[in-house]
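Peer 1: Quick one: the structure is below, and I'll ask about it shortly.
Computed from the coordinates by the stated procedures, all read-outs in this text should not be read as laboratory data. Just so you know, these numbers come straight off a predicted model, no measurement behind them. Quick reminder, even Gly has a Cβ in these numbers, built from the backbone with ideal geometry, and neighbours come from all protein chains shown.
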């Protein structure tokens, strides 16, 4: 008597975008853990130094200076990983389109992670400062008075880190296509929009904007447009690269 074998189930294969995204995500997270560990050590050391009575506690947050470091670190990581992984991605038989999608998705997710870490450290710092009798009010040109201000700061930090990462993708692909010398030249037009976005998002910035563009939601939208512009340029570069 013959038996009928049940059909074997073939394991579902991960999409190319997911495979590339997982590698990029874990690489970003590994480096981010080291980066924020260093920031935390420096912040604690600086706060301990400023606790000396000889220093004036003017209400300026120490940890908030990490936003600039975080922006440029995400910028550098986007350059390094997008430059390093593309050749291996294509050599494995995967498409440039999937690499583009994975890179943009992971860069956006890491911007969320960086922003969450910033507001968490800021909140912890405020608790420690108030317990020591200090008043932390000014946070990198933005006011912080209570926990109610953290969601707004989160959105601002998210946009800052997103713009920095998207700019890094453009520069990384320029290095891939043009080589070291011309890739470095691309830094000249690629960096000013970052400063533009940061200036628009800062509380004291954007004074040159028309009154109709002054409300915070409009300024955040303008920063998002800068990030979208970087993504469009990056997409064009990925489609044209030949490996």
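Peer 1: Can you give me the distance in nm between label points at residue 26 and residue 95, each placed 7 Å from the Cα along the Cα-to-Cβ direction?
Peer 2: 2.5 nm
Peer 1: Separate question: Where in the stretch 60-98 does the amide nitrogen come within less than 12 Å of the point 7 Å from the Cα of residue 41, taken along Cα to Cβ?
Peer 2: Answer for the stretch 60-98: none.
Peer 1: Given R₀ = 25 Å, FRET efficiency for residue 34-residue 112 by Cβ-Cβ distance, to 0.05? Working shown, then result.
Peer 2: On the way: r = 19 Å, r/R0 = 0.76.
E between residue 34 and residue 112, to the nearest 0.05, is 0.85.
Peer 1: With a Förster radius of 25 Å, plug the Cβ-Cβ distance of residue 195 and residue 236 into 1/(1 + (r/R0)^6) and report the FRET value to the nearest 0.05. Let's see the in-between values first.
Peer 2: Details: r = 23 Å, r/R0 = 0.91.
Efficiency computed from Cβ-Cβ geometry: 0.65.
Peer 1: Using the beta-carbon distance between residue 221 and residue 120 and R0 = 25 Å, what value does 1/(1 + (r/R0)^6) give for FRET efficiency, to the nearest 0.05?
Peer 2: Details: r = 26 Å, r/R0 = 1.03.
It comes out at approximately 0.45.
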